[in-house]
Number of protein chains: 2
Amino acid sequence: MLARQCNYEFESSSLPLSKYKDDDRGVEGFLNGLPETTERVVAAREYIFCEGDAKTHLYEVKTGAVCISKISIDGSRQVIKFALSGDVIGLGSQENYDTYAQATTLTKLKALSYASLRRIIQEDTTFSMKLWEMMTEELTATRNLVVTVGQRSAPQRIATFLLNMQERNRRQNLDSNTIVLLMTRSDIADYLGLTIETVSRTLTKFKLQKIIDIVENRHVTILNFDKLEDLAEGDI
Amino acid sequence: MLARQCNYEFESSSLPLSKYKDDDRGVEGFLNGLPETTERVVAAREYIFCEGDAKTHLYEVKTGAVCISKISIDGSRQVIKFALSGDVIGLGSQENYDTYAQATTLTKLKALSYASLRRIIQEDTTFSMKLWEMMTEELTATRNLVVTVGQRSAPQRIATFLLNMQERNRRQNLDSNTIVLLMTRSDIADYLGLTIETVSRTLTKFKLQKIIDIVENRHVTILNFDKLEDLAEGDI
DNA sequence: CGGTACTTTGATATTCATCAACTCCCGTGG
DNA sequence: CCACGGGAGTTGATGAATATCAAAGTACCG
């Protein structure tokens with residue numbers, strides 16, 4: 001595993017670096033190749049859009065993290081998704097946004113106006129197929145969240161969450177065992193249908209069991225991957 | 001309210017009945033107007049497809065009910081959706097079904113082959129826009145389920161479920177206050193992330209409070225709509 | 001009728017939320 | 001430079017909600 005990473009590094013270093021800095025992770029970008037996109041930078045905690053707002057843009061996250069959530073009448077919040085680099089937010093055909101989107105940290109976005117989107121769909125079949133695929137991924141992820149929240153215990157949920165974050169890292173950075181949590185405990189709690197106390201307790205329990213290590217609250221290292229998988233699957 | 005229902009009945013009785021029997025609810029059908037559809041009838045408990053199966057068809061439910069679910073490694077099941085008359089199942093662009101679809105009662109479906117679907121998308125922009133809208137609705141419904149399961153107490157979940165079922169009835173039959181539950185307590189429990197005992201207890205509690213009436217286990221009448229809404233919103 | 005699946009009801013156990021106190025970190029301003 | 005304050009996170013004690021276990025009741029279908 002480590003040898004493999006070294007190989008990649010070696011190969012890429014023999015090529016112009018600039019070609020791989022941004023492009024490499026941008027190749028898969030949904031909005032790549034579209035000339036009519038703009039850039040938007042939002043500060044930590046700033047809202048990109050709110051539920052009910054007229055839909056103006058579709059966004060692709062370039063750097064940072066965005067918390068997609070819904071808020072009930074009683075004030076309780078459910079986080080639906082953490083949108084990280086490469087993720088697209090604001091899909092869906094409605095006239096208004098049906099969720100909140102809040103940056104959890106300094107975040108850069110690529111934006112495509114909704115008018116452009118509708119036009120492109122009409123013109124470009126390949127793009128609309130891609131849109132269909134994106135919607136499908138979104139739906140699959142949301143369904144998996146339902147399973148996690150509906151059927152699993154607190155430790156199972158946390159373990160599942162950490163493995164998901166690791167999997168995302170793995171697809172993007174290659175450095176998989178260290179997870180940087182770009183969101184607060186409160187965000188995680190609202191995502192998993194738990195309280196911050198339960199999230200905190202469960203994480204420290206994992207730490208005491210040497211399954212993970214936590215430094216500076218936000219940096220998690222997976223020490224025992226197999227155990228974490230067992231936990232996620234409820235084999236314990 | 002009751003007078004209004006009588007009015008409707010009166011009006012429709014002065015018109016040829018056949019025109020309103022099946023057509024009326026079929027007008028909005030996603031697959032209407034497509035010549036290449038076939039019909040499929042499945043018995044109660046029969047699976048229409050399983051997770052992992054190669055995707056062959058897209059289905060629209062004509063009569064009956066279909067339980068869409070995912071099953072975890074440990075055997076626990078999460079119901080994602082109850083597909084009733086007018087609902088489309090098997091959306092999504094993947095090569096294989098990612099859920100189970102099981103008829104909870106005798107069910108009739110209209111089927112469109114996946115090959116046809118892909119071809120139609122390429123040809124017909126209107127259709128692919130409609131597909132996008134269907135996916136959006138599906139995503140919205142799933143997100144709402146996450147909120148219900150992640151943030152709400154057992155009574156809130158049951159109340160929300162009953163109101164949703166009523167809302168669906170209202171859109172289709174006009175007879176809104178009586179809900180026929182086409183699924184078992186077990187299906188409801190797996191949908192709401194509860195146990196069958198909790199579902200049963202909560203329903204009988206509502207019955208004792210005169211909020212609903214239950215006859216023959218499957219027929220629920222809403223007696224106090226406002227109270228039920230309050231319960232769903234957690235105002236109690 | 002008889003058996004099976006479904007449902008209800010009761011007693012108990014467990015998990016997780018709640019309430020409360022405390023620590024840590026960081027930035028601000030005296 | 002230090003005191004102050006606030007947000008984030010941790011830890012502990014307690015209680016409530018819901019799962020679990022168990023048993024009886026009911027509807028359904030051959």
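Would you confirm whether or not segment B:211-221 contains a residue that is away from chain A (no Cβ under 14 Å) and over 23 Å from the mean Cα position of the chain (by Cα)? Steps first, answer last, please.
Going residue by residue through segment B:211-221, those that are away from chain A (no Cβ under 14 Å) are B:211-221.
Now restrict to residues that are over 23 Å from the mean Cα position of the chain (by Cα): none.
The answer is no, given that none of the residues of segment B:211-221 is away from chain A (no Cβ under 14 Å) and over 23 Å from the mean Cα position of the chain (by Cα).
Residues of segment B:195-213 being surrounded by fewer than 15 Cβ atoms within 10 Å (Cβ to Cβ) and aliphatic (A, V, I, L, M), which ones?
Once the filter is applied, which keeps residues that are surrounded by fewer than 15 Cβ atoms within 10 Å (Cβ to Cβ) and aliphatic (A, V, I, L, M), segment B:195-213 yields B:ILE196, B:LEU208.
Only one of A:ARG152, A:ARG157, A:ARG170 is away from every other protein chain (no Cβ under 14 Å) and either out of contact with any strand residue (DSSP E or B) (no Cβ under 7 Å at 6 or more places or on another chain) or surrounded by fewer than 15 Cβ atoms within 10 Å (Cβ to Cβ) (or both). Can you tell me which? Don't jump to the end; show me each part of the working.
Numbers: A:ARG152 fails: away from every other protein chain (no Cβ under 14 Å); A:ARG157 fails: away from every other protein chain (no Cβ under 14 Å).
Within the list A:ARG152, A:ARG157, A:ARG170, the selection yields A:ARG170.
For the subset of segment A:128-156 comprising residues that are in contact (Cβ under 8 Å) with a residue 60 or more places away in the chain and within 16 Å of DNA strand D (Cβ to nearest atom), which member is nearest to A:ARG201 (Cα to Cα)?
Restricting to residues being in contact (Cβ under 8 Å) with a residue 60 or more places away in the chain and within 16 Å of DNA strand D (Cβ to nearest atom), the top hit is A:PRO155.
Please go through segment B:34-50 and give me each residue that is hydrophobic (A, V, I, L, M, F, W, C) and either on the phi > 0 side of the Ramachandran plot or more than 16 Å from DNA strand C (Cβ to nearest atom) (or both), ordered by number. Break it down into steps so the answer makes sense when it comes.
Step one: of segment B:34-50, the residues hydrophobic (A, V, I, L, M, F, W, C) are B:34, B:41-44, B:48-50.
Passing the criteria: B:LEU34, B:VAL41, B:ILE48, B:PHE49, B:CYS50.
So, in segment B:53-75, how many residues would count as being within 13 Å of B:ASP187 (Cα to Cα) and in contact (Cβ under 8 Å) with a residue 60 or more places away in the chain? Working first, answer last.
Residues of segment B:53-75 within 13 Å of B:ASP187 (Cα to Cα): B:65-71.
From the residues that got through so far, the ones that are in contact (Cβ under 8 Å) with a residue 60 or more places away in the chain too are B:65, B:67, B:69.
Total meeting the criteria: 3.
Please go through segment B:219-228 and pick out each residue that is surrounded by 14 or more Cβ atoms within 10 Å (Cβ to Cβ) and within 19 Å of B:ARG157 (Cβ to Cβ). Walk me through it before giving the result.
Of segment B:219-228, the ones surrounded by 14 or more Cβ atoms within 10 Å (Cβ to Cβ) are B:220, B:222-225, B:227-228.
Within segment B:219-228, B:VAL220, B:ILE222, B:ASN224, B:PHE225, B:LYS227, B:LEU228 qualify.
Yes or no: segment B:108-124 includes at least one residue that is under 23 Å from B:SER186 (Cβ atoms) and either out of contact with any Pro (no Cβ under 7 Å at 6 or more places or on another chain) or within 13 Å of chain A (Cβ to nearest Cβ) (or both). I'd like the intermediate steps shown before the answer.
First pass over segment B:108-124, keeping only residues under 23 Å from B:SER186 (Cβ atoms): B:109.
Adding the requirement that they be either out of contact with any Pro (no Cβ under 7 Å at 6 or more places or on another chain) or within 13 Å of chain A (Cβ to nearest Cβ) (or both) leaves B:109.
Yes.
Can you find a residue that is buried (at least 21 other Cβ atoms within 10 Å of the Cβ), at the interface with chain B (Cβ under 7 Å from one of its Cβ atoms) and closer than 24 Å to A:LEU182 by Cβ anywhere in segment A:72-81? Step through it out loud before you land on a result.
From segment A:72-81, those buried (at least 21 other Cβ atoms within 10 Å of the Cβ) are A:78-80; that's our starting set.
Now narrow it down to the ones that are at the interface with chain B (Cβ under 7 Å from one of its Cβ atoms): A:78, A:80.
Next, only the ones that are closer than 24 Å to A:LEU182 by Cβ stay: A:78, A:80.
Checked segment A:72-81: at least one residue is buried (at least 21 other Cβ atoms within 10 Å of the Cβ), at the interface with chain B (Cβ under 7 Å from one of its Cβ atoms) and closer than 24 Å to A:LEU182 by Cβ.
Could you give me the residue pairs with C-beta distances under 9 Å whose first residue belongs to segment A:213-236 and is hydroxyl-bearing (Ser, Thr, Tyr), whose second residue is within 16 Å of DNA strand C (Cβ to nearest atom) wherever it lies, and which are 6+ apart or on separate chains?
Listed pairs, sorted by first residue: A:THR221/A:ASP213; A:THR221/A:ILE214; A:THR221/A:VAL215.
How many residues are without any contact (Cβ under 8 Å) to a residue 24 or more places away in the chain and not polar (S, T, N, Q) when one looks only at segment B:86-127? Lay out the reasoning, then the answer.
Initial filter on segment B:86-127 (without any contact (Cβ under 8 Å) to a residue 24 or more places away in the chain): B:93, B:115, B:118-119, B:121-127.
From what is left, the residues that are not polar (S, T, N, Q) are B:115, B:118-119, B:121, B:123-124, B:127.
Number satisfying all stated conditions: 7.
Name the one entry in B:ASN177, B:ASN144 that is surrounded by fewer than 18 Cβ atoms within 10 Å (Cβ to Cβ) and at the interface with another protein chain (Cβ under 10 Å from one of its Cβ atoms). Reasoning before the result, please.
On the way: B:ASN177 fails: at the interface with another protein chain (Cβ under 10 Å from one of its Cβ atoms).
Just one listed residue meets the conditions, B:ASN144.
State all residues of segment B:184-195 that are among the β-branched types (Val, Ile, Thr) and either within 14 Å of B:ALA159 (Cβ to Cβ) or more than 14 Å from chain A (Cβ to nearest Cβ) (or both); if no residue qualifies, say none. Reasoning before the result, please.
Going residue by residue through segment B:184-195, those that are among the β-branched types (Val, Ile, Thr) are B:184, B:188, B:195.
If the condition is that a residue be among the β-branched types (Val, Ile, Thr) and either within 14 Å of B:ALA159 (Cβ to Cβ) or more than 14 Å from chain A (Cβ to nearest Cβ) (or both), then B:THR184, B:ILE188 are the ones that fit.
Bear in mind these aren't lab numbers, they're just calculated from the coordinates by the rules spelled out. Every value quoted in this text rests on a predicted model; they were computed, and no experiment measured them. When we count neighbours, we look across all protein chains shown, and the Cβ atoms used for this are built from the backbone with ideal geometry, even at glycine.
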